[in-house]
Amino acid sequence: MEFAFKQRYDIADLIEIVRLLRGPGGCPWDREQNHRSIRKDLIEETYELAEAIDMDSVPMLREELGDLLLQVVLHAQMEAEKGSFSFSDVCNEICQKLIVRHPHVFGDVQADSTSEVLKNWDAIKQQTKGQTTAAETLQSVPRTLPALMRAAKVQHRAAKVGFGYPDTAAAFADLASEVKELDAELQPRAIEAAGEELGDVLFAAVNVARHLGKDPEQLLCASTEKFISRFSKAEQLAKEQGKILSECTAQQLDVCWRQAKDKLKQEQQAAEKKVD
């Protein structure tokens with residue numbers, strides 16, 4: 001195998017490395033892969049990149065961007081082998097898209113604010129994708145997105161044509177109404193109906209988050225992390241008292257949970273004072 005080792009490599013080298021890995025005499029694993037077999041890898045790498053962003057880690061960001069880029073090159077190489085398209089075609093298409101969707105930069109359209117830019121972007125996107133109705137813009141939101149993220153995106157697009165609650169209060173009133181409907185189904189334990197109503201509650205909660213200018217996906221992630229932190233502290237406190245959570249009564253668990261909340265709050269306040 002002919003390969004020139006270097007001190008520093010670029011995108012052309014990455015494309016060539018992937019080609020060699022999938023070619024004769026390359027890596028057996030790489031040669032066996034297809035779009036579907038590495039689909040989950042693409043998703044996992046995207047989430048790892050998101051974690052690097054959340055952690056504000058520059059070294060991690062650099063590494064994860066490379067891992068994600070590898071996935072793009074791999075998928076492009078698979079199609080290049082079929083003669084469908086190459087990585088160069090992928091670059092060309094995104095460049096063409098960026099030029100078309102930024103007429104205020106590459107054309108003579110005037111757009112002096114972010115809102116004007118986004119309005120033009122949406123209009124051009126609908127036109128280039130052949131979308132003629134508002135419903136089509138909602139239907140085009142990928143079903144593979146995380147449910148909360150997809151719900152927020154669908155609601156945002158519906159709101160652009162005036163289909164949405166005017167303010168947070170109205171959105172919250174809808175959430176309260178959905179909770180009442182869920183409660184009505186829980187009383188007779190109508191499981192299927194209750195499940196549907198619970199879905200409506202979640203959808204309504206996303207609407208409230210949107211009106212607050214918050215990302216529901218991030219809010220739930222933060223709440224999950226908070227739960228893990230409190231659970232860990234509750235387990236620690238129970239152990240210090242000679243208790244095992246799995247053997248505690250409901251009342252004992254409630255006491256441990258409240259103690260954990262108070263302890264974590266005290267630790268946070270102490271940390272904030274230390275920073276000040």
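Remarks
Each row is one residue, and each column tells you yes or no for (1) touching a residue at least 12 places away in the same chain (Cβ under 8 Å); (2) over 30 Å from residue 55 (Cα atoms).
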residue: 168; (1), (2): yes, yes
residue: 187; (1), (2): no, yes
residue: 207; (1), (2): yes, no
residue: 218; (1), (2): no, no
residue: 222; (1), (2): no, no
residue: 228; (1), (2): no, no
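- The residue list 235, 240, 192, 178 contains one member that is on the phi < 0 side of the Ramachandran plot and open to solvent by less than 60 Å² (accessible area, probe 1.4 Å), which is 178.
- The stretch 18-33: number of residues that are touching a residue at least 12 places away in the same chain (Cβ under 8 Å), assigned to a helix (DSSP H, G or I) and farther than 10 Å from residue 74 by Cα: 1
- Residue list for the stretch 59-101, restricted to those being in a loop (DSSP other than H, G, I, E, B) and open to solvent by 50 Å² or more (accessible area, probe 1.4 Å): 83, 84, 85
- Restricting the stretch 161-178 to residues that are of a type in the set (A, V, I, L, M, F, W, C) and at pLDDT 95 or above leaves a set whose member that is farthest from residue 203 (Cα to Cα) is 169.
- Residues of the stretch 115-135 that turn out to be surrounded by 13 or more Cβ atoms within 10 Å (Cβ to Cβ), part of a helix (DSSP H, G or I) and of a type outside the set (Phe, Trp, Tyr), as a count: 9
- Residue that is surrounded by the fewest Cβ atoms within 10 Å (Cβ to Cβ), among those in the stretch 200-229 that are of a type in the set (Asp, Glu) and part of a helix (DSSP H, G or I): 225
- Within the stretch 43-58, being open to solvent by less than 60 Å² (accessible area, probe 1.4 Å) and either touching a Lys or Arg at 6+ places or on another chain (Cβ under 9 Å) or not in a loop (DSSP other than H, G, I, E, B) (or both) holds for 45, 49, 50, 52.
- Count of residues meeting criterion [in a loop (DSSP other than H, G, I, E, B) and either loosely packed, with under 15 Cβ neighbours inside 10 Å or modelled with pLDDT of 95 or more (or both)] in the stretch 136-149: 6
The values are calculated or read from the model by the stated rules, or taken from the named source; none is laboratory data. Fair warning: this is a prediction, and the values are worked out from it, not measured in the lab. No Cβ is skipped: glycine too gets one built from the backbone with ideal geometry, and neighbour counts run over all protein chains shown. All accessible areas refer to the heavy atoms of the entire protein, side chains included, with ligands and DNA or RNA removed. Shrake-Rupley method; radii C 1.70, N 1.55, O 1.52, S 1.80 Å.
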